[in-house]
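The structure appears below as C-alpha cells.
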Amino acid sequence: MKSLNKSLILNVIRTEGPISRAAIAKKTQLTPPTVTNIVAELIEEGLVIERTLGESKGGRKPILLTLNASAFQVIGVDVGVGQIRVIATDLKGKLIDKISKDIPVSLTEEMFVSLLKVSIQTLIEKLRLNKESILGIGIGMHGLVNPDKGVAIYAPNLQLHDMPLRDELESAFDVPVKVDNDVRAMALGESWFGHGEGVDNFVCLNVGNGVGAGIIMDRKLYRGTSFTAGEVGHTTVDAAGPRCICGNDGCLQTFVSGPAIALRAQQKMRSGRKSILSEKDLTGKGVYEAALAGDALAQEILRETGRYLGIGIGNIINTLNPDRVIIGGGVANAAKFIMEPLQETVTARALATPVKASTIVTAKLAENAAAIGAVTLVLYNLFIPEYS
C-alpha cells in the first residue's frame, strides 16, 4: 500500500506540479501526515524537489513541489525494420539524445542481442550516464511480444523466435527493463506525450513496412488475450485483393503499407503509365517524394492509399467507437495526399454517429514515437505501478 501511495503522490506531482503538500493530500484523499512522510522520502531519493513558494492565503506561503525530471534518465529502444533506434529522455519524456544502428540482413539471436546491448551502451557512454541515474530501459519490439515475461515471441523481419530480452538486458545493465510490441509502445507514448494525451479512448495506427495498431481503452492499453490485439493490418478490405504474407487475400496491409505502395506503382508503370519514378530502388518513400515533385501517378497512388486506409479506419471506428484515431509510421508523412480521400472514405462508409464522435490526426511524436513509447513503458511502472 505504501508503494502505491508513493506512486500516486509522485504521479500527482508529475501531472499537477508545482503543487503543495496540502493540495496533494486533498487530491489524493491521503492524510497530511502520510503525504508529508512520503514526500520526504521522494525528496531524499532525488525524485522531487521543493521549488517556488506559492501564494499565501493569509498564512505562511506554501512550499511547492515539482518533479526533479532532469536528475534521472530513461532509455527507450525502437527495434524497427533494418534499424535500432536508441534514445535517452528525462522523466518528462524530453529527448536528451539519440543514436541509431543498422541491423544486418541476416543474424542470429546472439548477434541481435549483442547489437542491442552495444547500441544501448554506446548511448550511455556518449552521455556519460551513471547507472544510478538510469531508472530503466524500455524496448519497443516489432512482432509478437509477451510483455509479462519480456520475451520477443516472434520478430518476423528478423526471423527470430523466443528471445528473453528482459532477462538479457537486466543482466547486462542491472536496471529494470520493460518490453512490448512497438506499436503498443507508440500508443502509450502518444497517450502521455502526444495527440492521445487526455483522451480516454483512441487507436494509434502505425502504417509503414507493415500495419498495426495500439488500442487505448479508458486510458489503459488493451493487449488482448494472446497479446495480439491491434493486428488491423490483417483485416480484410478486399477478399479478391493481393495475397498477404499472413496467407490471406486482400488484407489492409497489402494496400497501404510502404511495400504495397511501391508494388502498385511498379505495376502501373509496367502497364504503360508515365512517371518520373524509376523501377530500380522503388520504395514507398520514393513514391512520396515523386508526389511532392508533382508526379501525377505518385499522387494518384497515394490518394488510392488514403481511400483504402479510410476503409480500414472506418471499420475501426464502427467496431471500437474511439474518440480519436492517430496515424503514425512512414506512410503518415504523406498526409498531404492521403488525409482528404481517407476522411471522405471514412465519412461515406462508417456509421454517422461514431464518425461524428471521432477525430483523425497524424502522430505528434513522428519518427521518435515508438522509442518515446518505449520510454513510457518504464515511466508507467514508476508512476502507475498497477499498470504492470
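The values are calculated or read from the model by the stated rules, or taken from the named source; none is laboratory data. Just so we're clear, the structure is a prediction, and the values are computed from it rather than from any experiment. Cβ: placed from backbone, ideal geometry, glycine included. Neighbour counts: every protein chain shown. These area figures cover heavy atoms from the full protein model, side chains too; ligands, DNA and RNA do not enter into them. Shrake-Rupley method; radii C 1.70, N 1.55, O 1.52, S 1.80 Å.
Quick notes
- Test: N146 is in contact with a Gly (Cβ under 6 Å, 6 or more places away or on another chain), open to solvent by 10 Å² or more (accessible area, probe 1.4 Å) and of a type outside the set (F, W, Y): no
- Unique match (being in contact with a strand residue (DSSP E or B) (Cβ under 6 Å, 6 or more places away or on another chain) and assigned to a loop (DSSP other than H, G, I, E, B)) among K61, K98, K92: K61
- Unmet criterion (only one of (1) surrounded by fewer than 19 Cβ atoms within 10 Å (Cβ to Cβ); (2) over 26 Å from D180 (Cα atoms); (3) in contact (Cβ under 8 Å) with a residue 12 or more places away in the chain; (4) under 32 Å from the mean Cα position of the chain (by Cα)) for I24: (1)
- In segment 290-309, the condition of being open to solvent by less than 40 Å² (accessible area, probe 1.4 Å), assigned to a loop (DSSP other than H, G, I, E, B) and under 23 Å from A369 (Cβ atoms) is met by no residue.
- In summary, helices (runs of 4 or more DSSP H) completely within segment 334-385 and bearing 2 or more residues that are out of contact with any strand residue (DSSP E or B) (no Cβ under 6 Å at 6 or more places or on another chain) and of a type in the set (D, E, K, R) occur at 335-349.
- For segment 243-256, the tally of residues that are of a type outside the set (A, V, I, L, M), open to solvent by 60 Å² or more (accessible area, probe 1.4 Å) and assigned to a loop (DSSP other than H, G, I, E, B) stands at 2.
- Matching residues, segment 192-211, being more than 27 Å from I245 (Cβ to Cβ) and either free of Cβ contacts under 8 Å to residues at least 12 places away in the same chain or over 11 Å from the mean Cα position of the chain (by Cα) (or both): H195, E197, G198, V199, D200, N201, F202
- Residue satisfying all of: in segment 161-191; among the basic types (K, R) and in contact (Cβ under 8 Å) with a residue 60 or more places away in the chain; surrounded by the most Cβ atoms within 10 Å (Cβ to Cβ) among these: R184
- Segment 273-284 residues that are farther than 20 Å from N209 by Cα, paired with ones that are in a loop (DSSP other than H, G, I, E, B) and of a type in the set (A, V, I, L, M) (beta carbon under 9 Å, 6 or more apart): I276/A293
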